[in-house]
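Values quoted throughout were computed directly from the atomic coordinates according to the rules given, and no laboratory measurement underlies them. Note that the coordinates shown come from a computational prediction; the quantities given were computed from them, not determined experimentally. When we count neighbours, we look across all protein chains shown, and the Cβ atoms used for this are built from the backbone with ideal geometry, even at glycine.
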Amino acid sequence: MLYLALMAVMAVFALRLFYVQIIRYGYYHAQALSDQQKEYEIPATRGIIEAHLGNSIVPIVLNQELYTLYADPTLIKDPAQDASNIAKVIGGSANTYKQLLLTKGTRYVILARQLTKSQSSQILGFKYPGIGTQGQDYRTYPDGSLASQTLGFVNASGQGEYGLEQALNTELSGTPGKLKAITDANGVPLAAVPGNIDRAPIPGDNIVTTLNMGIQAQMEQILQAEYKKTNSQGLSAIIMNPDNGQIDAMANYPTYNPANYSAVTNPMLFQNAAVDDPIEPGSTMKTLTTSAALNMGAIQPNESFYDPAHWVIDGFNITDIKQDGGARVQNIASILALSLNTGATWMLMQMSNPGGTTINGKGITAWHNYMVNHFRLGQLTGIQQGYESPGYVPPANLADPSIDLRYANTAFGQGVQITALQLATALSSVLNGGTYYQPTLVDETIKPDGTVVKFQPKVLERNVVKPNIGQELIPLMQNVVLAYLHGGFYFMNFPSNYLVGGKTGTAQVARPTGGYYSNIFNGTYIGFVGQKTPQYVIIVYNIKPNVPGYAGSLGGQPVFADLAHMLINEGYVTH
């Protein structure tokens, strides 16, 4: 019996040996080679980001090579001593380093990141077995916080987060290489030996943005000053070219420094609110309602109508935040100048039944079609930004018993959520004659081989409105500017040889539990500036400003005025 048992044990060992040496030879051979060879990824150089400054192109995001300190715990001889000397060079806790050096079950642990070249050289000079460093690019920002929420940042793992860095992470990252390095006696790979490179890394693309850093810097100064003046919860603004969708400046305040993103305690600061924080825009929406009604032929630009100063829709009263003279004859110009909610409701009535005073399914369906399919509200624009929001347009559910009221509200910018970018792009499509260009932040891409790929305007929608509608809307919006100037808003005084138009918006803020606050508003403003035609579209969102009057007039309009004056005074308005 003992003999049989012994033979059985020997058979088991023989089978195991056969399995290891024959069947699993390739696997264990590779494992054995890992003691002599290790494969490392060679990081690709991340593409830089540039912008316009006058006639020059300047870098706004660069790379700095710093070093990652790593260890192979299986090769560590004296973890306590190694940890102590590492701490003397780079700071930190020697005990923490020691515990990492004692890690079981792995051959690669990271001890520290972002070491300087001097620190790396000092640690490598110790010649500790199993401890090495690897160079890695880290982002630097010559202009500090400038355009930070539009740019985003790169995290410790080399991945783009937020803004351009996230949206264009693949293009900027390039393709990592592969290093198959013979290790020295200390277990550190001989990375400097050219023959050890299996595949060279391919650098990422360089991106030249559409941003004009002169405009961007002054915009941010204006936002900061107005934020403090109005004690608001946040400000966003965009300046864009309506003829091709290019963004000249985009900013929010408060902001942050992407070089110190890890110190930010409020992650909301990372968000580009201009593209990812939709709000009810208030009466700035009336520019689109007017455009739709004009395009349908439901109204005429010089048309007058009797305004009863209130409408009863689904049992609810629609009145005006600002009413001038009560019930009387009004016209299209006064709807915009006086910001009449009753006037916007009347326009929806005309879409339903010209000459009528009721809302029906025809008008609701038509207005929904314009919002979603013409102005592309409720969907992503595709701009190169992480976390863009589509906003919200209520469905045209004609079975909804409150649908008339719901859609009357959307006509003057309540009950619908729109980002600043969506509203600016939609109005641009009206002003430029009916072409909806995809908004963009990329002017050109420079490939690793030097090939330049120039931006080409991308059309997302044609025939948004007929070409004449923009020409009819422009004087109506100019009239709004003149009305405020004559009303004592002297900062709205612009030289007569410039084309300046706009529209205020004072939007009630919705309660989380339903309904609206009676004393909390967002201030919005949308407008344009140019000479013969609108050269720039400007939009401002001021979140809950603390102002003594209407939020749109005193929270949004002054920011627009400062931006428009800046563009004129600095010579940016040229046509």
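Assorted remarks:
- R0 of 22 Å, Cβ-Cβ distance Val329-Phe491: FRET efficiency to nearest 0.05: 0.10
- Positive-end ranking of Ala44, Tyr67, Ala80 along the dipole of the range 40-180, with charges on Cβ about the Cα centre, is headed by Ala80.
- Neighbour counting of Cβ atoms within 10 Å sorts the residues His486, His368, fewest neighbours leading, into His486, His368.
- Counting only residues at least eight positions apart within a chain, or on another chain, the lysines with an alpha carbon under 20 Å from that of Lys88 are Lys77, Lys98, Lys117, Lys127.
- Across the range 340-355, coupling constants 3J(HN,Hα) worked out from phi with the 6.51/-1.76/1.60 Karplus curve, θ = phi - 60°, read 7, 5, 5, x, 5, 5, 4, 5, 5, 4, 5, 5, 6, 7, x, x Hz, and Gly and Pro carry x.
- Ser93 paired with Arg107, simple spin-label distance in nm, labels 7 Å along Cα-to-beta-carbon: 2.9 nm
- Database remark: amide H of Ala112 closer than 5 angstrom to the amide H of Leu69 (H placed geometrically; neighbours at sequence offset of 5 or more, or on other chains; Pro and chain starts carry no H).
- 3J(HN,Hα) along the range 470-482: x, 5, 7, 6, 4, x, 5, 6, 4, 4, 4, 4, 5 Hz, from the Karplus curve 6.51 cos²θ - 1.76 cosθ + 1.60 with θ = phi - 60°, whole Hz, x for Gly and Pro.
- Electrostatic bookkeeping for Gly160 treats Lys and Arg as +1 and Asp and Glu as -1; over the other residues with beta carbon under 13 Å from its beta carbon, the sum is -3.
- Taking the Cα centre of the range 40-180 as reference, the dipole from Cβ charges on Lys and Arg (+1) and Asp and Glu (-1) amounts to some 680 debye.
- For Leu168, nonlocal amide neighbours, meaning residues 5 or more places apart or on other chains whose placed amide H falls under 5 Å from its own, do not occur.
- Note, ³J(HN,Hα) from phi for the range 121-126, Karplus 6.51, -1.76, 1.60, rounded to Hz, x at Gly and Pro: 5, 5, 5, 5, x, 5
- Filtered chymotrypsin sites (Phe, Trp or Tyr not before Pro), the range 75-184: DSSP coil and at most 15 other beta carbons within 10 Å: Tyr108, Phe126
- Per-residue ellipticity at 222 nm from helix content only, as computed over the chain with -39500 (n - 2.57) for each DSSP H run of at least four residues, stands at -9500 deg cm²/dmol.
- Degrees between helix 420-431 axis and first principal axis of the chain (Cα, 0 to 90, nearest 10): 50 degrees
- Ranked by the mean number of other Cβ atoms within 10 Å of their residues, highest first, the peptides 226-235, 530-539 fall in the order 530-539, 226-235.
- Counting only residues at least eight positions apart within a chain, or on another chain, the aspartates and glutamates with an alpha carbon under 16 Å from that of Lys228 are Glu220, Asp562.
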